[in-house]
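For reference, the structure is listed below as structure tokens.
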Amino acid sequence: MTTSLEIRDDRLHFDGLDVADLARQVPTPFFLFSARQIAANIDALRTAFTRRHTATEIFYASKACSNMWFLNAVLRSGINVEVNAGGELIKALRAAFAPRQIVFNGVAKTVAEIELAVQTGVRAIIVDSLFELERVADVAARRQQRANVALRIDVDVPTLTHPGLATTHGGKAGIDRDDAPAAFDLAVSSAWIDLRGMHMHIGSQITSVEPYVRAVETALDIIDAAEQQHGIDLEHLNAGGGFAIVYRSAAVCQPADYFCSTLAADDYAEAICAALERRNPRLTLFLEPGRSIAGTAAVLVTTVENEKTKGVRDASGKRVGDERWLTVDAGFNTLLEHTNYRWYYPAVVATRAGQPATAPFRLAGPLCDGGDVFAGDGDTPFRHFPEGTSVGDIVVFIDTGAYSLEMMNPYNARPRAAAYAVVDGDVRQIREPDTFEDMVMHDVPPGAAAGSRDHPASLRTEFP
Ligand code: LLP
């Protein structure tokens, strides 16, 4: 869990700031980021890996949080960026990352996106299929501009994580490993391709190191074979991201619960670097961590807006118990993964943070959707909060910096939330909430002319 959290006088502080105090000054819900925590997370990874393999370059996976302030904080920390679509590439360029600081992933890159990547001269277009390799070669030939390429090979290792987050054992991404020789042949023989490396990404929130050990060994086998066959030296192995953060404390962990992790940056670094140092130390190691940089860097601050007690009834309708419900002002419009993946985000009552959290509550979001109910603690449907928790209390969801701002939506015409950051002890706004005008601006009312605004369709025309 994030090191920026602290309880002082019964109140939750994040990076030294009294969270409930801020919630009195600005409307909830809002995200609160910590510049210090972002830097600390990046430092932990950089130190762990470069100690073991000096030639390591970190490309922050911007899909985890591509807010422009956040990208700038990443840039200033001296690391690079990974993008997954033309829009993320444009954001990275706008944030002033240099082309050689950018790698470009994606499982359905359009011709226009590839054009932009080739024109920009990104460090590597990470190719997802044999088909896409030809598409990149065609675009590069047409532009008469060489393309830097890495091949994403599915190293096929099972991992223990949320089934939606496993990528290398029946997942959609990457080139089948049986096709790796054909992909290397094609890349090496193509006049307009500069083959730079091999990429793999075994999934997200990976809570054991064994899959990395197996994946790196497999990747090195594939690289050995290709280097020998073609007499080439690849620049890099990209080992992807996936490093887990701790969503549940060890005390309530069940075996195989992917919300629990006992691993630190050093453990991942040891697993990934050992084989590399032994077998091919000349290779530069690329990494693409997202969650492990953004996750612990923010909390989501909400207010309890409703409370009630409802009966629990048996099949005959007899009331056999009671459940206390609390409803907060953020649901899956603000924290999509709480329903999309039933993701468990720990929650603390900021206004009663020092009191024992022993009373069970069902905790719900505000949306008109019966599924907008937060996962409970352990294997219960309940969140445990201090006994008197009620309307007006500030409930803070911890470790919500990754895949949250990115995935907000305006369901029920609820504005997408604001975000703030603590920077050197001061609070600054890094995202404005949607206005109600924002909610209607994309709709074309009867009689009005469409196409008067620059909206995502124009993103395509921004590509050459
Ligand atoms: N590289 C590639 C090619 C990826 O697909 C991903 C994540 C990463 C790097 C970064 O992985 P990380 O270090 O963050 O685990 N919305 C989901 C997560 C989706 C992950 C997508 N790919 C969630 O909230 O859990």
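The values are calculated or read from the model by the stated rules, or taken from the named source; none is laboratory data. Everything numeric in this text was worked out from a predicted model, so none of it was measured. Cβ sites come from the backbone with ideal geometry, for glycine too, and all protein chains shown count toward neighbours.
What are the pairs, 6+ residues apart or on separate chains, where a residue within the stretch 338-351 that is aromatic (Phe, Trp, Tyr) has its Cβ under 6 Å from a residue that is within 11 Å of the ligand (Cβ to nearest atom) and assigned to a loop (DSSP other than H, G, I, E, B)?
Hits for this filter: Tyr341/His162; Tyr344/Tyr247; Tyr344/Phe259; Tyr345/Thr400.
Of the conditions (1) out of contact with any strand residue (DSSP E or B) (no Cβ under 7 Å at 6 or more places or on another chain); (2) within 12 Å of the ligand (Cβ to nearest atom), Leu335 fails just one. Which one is it?
With (1) out of contact with any strand residue (DSSP E or B) (no Cβ under 7 Å at 6 or more places or on another chain); (2) within 12 Å of the ligand (Cβ to nearest atom) applied to Leu335, the lone miss is (1).
Assuming Phe59 fulfils every condition listed in (1) without any contact (Cβ under 8 Å) to a residue 60 or more places away in the chain; (2) buried (at least 19 other Cβ atoms within 10 Å of the Cβ); (3) in a strand (DSSP E or B) apart from one, which condition is it?
The single condition Phe59 does not satisfy is (1).
Check whether at least one residue in the stretch 321-328 is buried (at least 20 other Cβ atoms within 10 Å of the Cβ) and either within 26 Å of Ala250 (Cβ to Cβ) or without any contact (Cβ under 8 Å) to a residue 24 or more places away in the chain (or both), and report yes or no.
Our first condition is that a residue be buried (at least 20 other Cβ atoms within 10 Å of the Cβ); within the stretch 321-328, this holds for 326-328.
Filter once more, so that each one left must be either within 26 Å of Ala250 (Cβ to Cβ) or without any contact (Cβ under 8 Å) to a residue 24 or more places away in the chain (or both): none.
There is no residue in the stretch 321-328 that is buried (at least 20 other Cβ atoms within 10 Å of the Cβ) and either within 26 Å of Ala250 (Cβ to Cβ) or without any contact (Cβ under 8 Å) to a residue 24 or more places away in the chain (or both).
Out of the residues in the stretch 125-168 that are acidic (Asp, Glu) and assigned to a helix (DSSP H, G or I), state the one that is farthest from the ligand (Cβ to nearest atom).
First, pick out the residues of the stretch 125-168 that are acidic (Asp, Glu): 128, 132, 134, 138, 154, 156.
Within this subset, residues satisfying the condition of being assigned to a helix (DSSP H, G or I) are 132, 134, 138.
Details: Glu132: 14, Glu134: 21, Asp138: 23 Å.
Only one residue tops the list, namely Asp138.
When the stretch 169-195 is examined, which residues are found to be within 16 Å of the ligand (Cβ to nearest atom) and either touching a residue at least 60 places away in the same chain (Cβ under 8 Å) or outside the structural domain of Asp233 (by TED's automatic domain parsing) (or both)? Walk me through it before giving the result.
From the stretch 169-195, those within 16 Å of the ligand (Cβ to nearest atom) are 169-175; that's our starting set.
Lys172, Ala173 - these are the residues of the stretch 169-195 that are within 16 Å of the ligand (Cβ to nearest atom) and either touching a residue at least 60 places away in the same chain (Cβ under 8 Å) or outside the structural domain of Asp233 (by TED's automatic domain parsing) (or both).
With the condition kept exactly as written, say whether any residue in the stretch 91-107 is among the aromatic types (Phe, Trp, Tyr), without any contact (Cβ under 8 Å) to a residue 60 or more places away in the chain and surrounded by fewer than 22 Cβ atoms within 10 Å (Cβ to Cβ). First the steps, then the outcome.
Kept after step one, since they are among the aromatic types (Phe, Trp, Tyr), are these residues of the stretch 91-107: 97, 104.
When the remaining residues are screened for being without any contact (Cβ under 8 Å) to a residue 60 or more places away in the chain, the result is 97, 104.
In the following step, the residues that additionally are surrounded by fewer than 22 Cβ atoms within 10 Å (Cβ to Cβ) were identified as none.
There is no residue in the stretch 91-107 that is among the aromatic types (Phe, Trp, Tyr), without any contact (Cβ under 8 Å) to a residue 60 or more places away in the chain and surrounded by fewer than 22 Cβ atoms within 10 Å (Cβ to Cβ).
Is the stretch 33-52 home to any residue that is more than 23 Å from Ala117 (Cα to Cα), among the hydroxyl-bearing types (Ser, Thr, Tyr), modelled with pLDDT of 95 or more and buried (at least 21 other Cβ atoms within 10 Å of the Cβ)?
Scanning the stretch 33-52, I find at least one residue that is more than 23 Å from Ala117 (Cα to Cα), among the hydroxyl-bearing types (Ser, Thr, Tyr), modelled with pLDDT of 95 or more and buried (at least 21 other Cβ atoms within 10 Å of the Cβ), so the answer is yes.
Here are the criteria: (1) surrounded by fewer than 14 Cβ atoms within 10 Å (Cβ to Cβ); (2) in a loop (DSSP other than H, G, I, E, B). Tell me which single one Gly240 does not satisfy.
Exception for Gly240: condition (1).
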